[in-house]
Amino acid sequence: MMSRASVCAIRSRNSSVPPAPAMQQLMPKVIGGSATSEEHREFGRLWQERVRRILIDRRDDPALVVLR
């Protein structure tokens with residue numbers, strides 16, 4: 001028996017949860033390899049904080065992730 005394939009488009013609107021300004025300043029240093037170990041730790045902390053805001057604080061926000 002053949003099954004019918006379904007296509008679902010997922011659109012994430014993470015821009016509604018802006019990153020901390022310090023995160024934007026640290027990203028080029030982390031990616032470019034010039035960040036200190038303290039800057040790496042701070043970037044990781046800020047990154048995880050944003051993930052928490054997206055996945056926990058905004059978990060019921062229908063505008064954050066749209067399925068079509």
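We did not get these values from a lab; they are worked out from the coordinates using the rules stated. Note that the structure is a prediction, hence the values are computed from the model and not measured. Note: ideal-geometry Cβ built from the backbone for every residue, glycine included; neighbour counts use all protein chains shown.
Quick look at the numbers
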read-out	value
Between helix 37-52 and the chain: long-axis angle, C-alpha atoms, 0 to 90°, nearest 10	30 degrees
Answer label, with P(r) over Cα pairs in 10 Å bins from 0, in percent calculated from the coordinates and candidates (i) 14, 29, 22, 16, 16, 2; (ii) 18, 34, 24, 15, 6, 2; (iii) 20, 62, 18, 0	(ii)
Taking the chain and dividing mean pair separation by its residue count, relative contact order in percent (alpha carbons under 8 Å, at least six apart)	55 percent
Farthest positive-ward along the chain dipole, Cα basis, beta-carbon charges - from A20, L55, I31	L55
